[in-house]
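Here is the structure we will look at, set down as structure tokens.
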Amino acid sequence: MKIADLITWFEAWANPAWCESWDNCGWQIEPGVLQEKARVLVCLTPTLAVMQEAIALNANLIFAHHPLIFTPPKSLRTGEAIAEMVRLSFTHNIAIYTAHTNFDQVQDGTADVLAQILELKEVTPIVPTQGGLGYGRVGLLEPFLTLQELLATIQTRLVPPNLIFSPSADLQQTISRVAVLGGSGASFISAVVKSGAQAYLTSDCKFHQFQESRDRNLILIDAGHYATERPACDRLVQKFQSLNLDWVQLSQKDEDFRQFFA
């Protein structure tokens, strides 16, 4: 399958027109490879390490969730990461394509995969957008779990380096309804409360957002940006594999940019 055909297939599923006005979905760099057979390296974040990996693997497309270009640069100068990515992209004929907030909304996107990992039932979006799609997912645990069992399940299945949750008087509290949203989801707390969820799995939550959740009787669980979004990248590789591409692989140089001192 040619790169142009792959992108046509993807955009029929996750239309870049659905991305938010502040977002930057679609082509980040396209050095003239649309008619080449797709050799795809999928990653969460396009970095120089991922670009070097793509060069070593002879990939011609880096397919990323996070945009390479988010805030428009005013200049490109030697020694800057984006400038170096652009240089290497054109030198080695490696395109970079991003699916961000459009990928967040779709079936098998970032939130949907989290809901599947926790085996939630009767799943609906936290914030619907169009056609049954939307941001986040909320659903039922079957069987119900205690909070302690839910936290253990998240730790086992997502393997976050540091799992943070809001204070609870009782780890044996029964949890039946859970909301999930990969990446930075603290701005959705009010919508989650309205959904009737008892616990909310997301990331990048601040001190006062934990306070707000506690005061609104919502257990906030922060598993980190990488751990909550990386599984959807793995699922995307599986979808691409079903298309019989010439070559596709999940990046091994993609990284969580945080370390925790034990």
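Collect the residues in the stretch 134-152 that are part of a helix (DSSP H, G or I) and either surrounded by 20 or more Cβ atoms within 10 Å (Cβ to Cβ) or in contact with a helix residue (DSSP H, G or I) (Cβ under 9 Å, 6 or more places away or on another chain) (or both), keeping them in residue-number order.
Result: Leu150, Leu151.
Can you name the residue in the stretch 159-187 that is in contact with a strand residue (DSSP E or B) (Cβ under 6 Å, 6 or more places away or on another chain), farther than 11 Å from Asp222 by Cβ and β-branched (Val, Ile, Thr) and, of all such residues, is surrounded by the most Cβ atoms within 10 Å (Cβ to Cβ)?
Of everything passing the filter in the stretch 159-187, Val180 is surrounded by the most Cβ atoms within 10 Å (Cβ to Cβ).
Could you tell me whether any residue of the stretch 157-178 is assigned to a helix (DSSP H, G or I), of a type in the set (A, V, I, L, M), in contact (Cβ under 8 Å) with a residue 40 or more places away in the chain and farther than 19 Å from Asp256 by Cα? Show your work before the answer.
Here is the first cut: in the stretch 157-178, the ones assigned to a helix (DSSP H, G or I) are 157-158.
Filter again for of a type in the set (A, V, I, L, M), leaving 158.
Now narrow it down to the ones that are in contact (Cβ under 8 Å) with a residue 40 or more places away in the chain: 158.
Now restrict to residues that are farther than 19 Å from Asp256 by Cα: none.
No, because not a single residue in the stretch 157-178 is assigned to a helix (DSSP H, G or I), of a type in the set (A, V, I, L, M), in contact (Cβ under 8 Å) with a residue 40 or more places away in the chain and farther than 19 Å from Asp256 by Cα.
Scan the stretch 53-97 for residues that are within 20 Å of Leu245 (Cβ to Cβ) and of a type in the set (Gly, Ala, Ser) and report the count. Walk me through it before giving the result.
So in the stretch 53-97, the residues within 20 Å of Leu245 (Cβ to Cβ) come out as 53-65, 89, 92-97.
Narrowing the set further to residues that are of a type in the set (Gly, Ala, Ser) leaves 54, 56, 59, 64, 89, 95.
Qualifying residue count, the stretch 53-97: 6.
Is it fair to say Lys239 is within 16 Å of the chain's Cα centre (by Cα), of a type in the set (D, E, K, R), at pLDDT 95 or above and over 25 Å from Gln259 (Cβ atoms)?
yes
Within the stretch 162-174, is there a residue that is in contact with a helix residue (DSSP H, G or I) (Cβ under 9 Å, 6 or more places away or on another chain) and under 18 Å from Thr45 (Cα atoms)?
Checked the stretch 162-174: no residue is in contact with a helix residue (DSSP H, G or I) (Cβ under 9 Å, 6 or more places away or on another chain) and under 18 Å from Thr45 (Cα atoms).
Starting from the stretch 183-209, keep only residues that are part of a strand (DSSP E or B), then list their pairs with residues that are among the acidic types (Asp, Glu) whose Cβ atoms are within a distance under 6 Å, requiring at least 6 positions of separation or different chains.
Hits for this filter: Gly183/Glu229; Ser184/Asp204; Ser203/Asp222.
The values are calculated or read from the model by the stated rules, or taken from the named source; none is laboratory data. For clarity, every value in this text was computed on a predicted model and none was experimentally measured. So basically every Cβ, Gly included, is an ideal-geometry build from the backbone, and we count neighbours across all protein chains shown.
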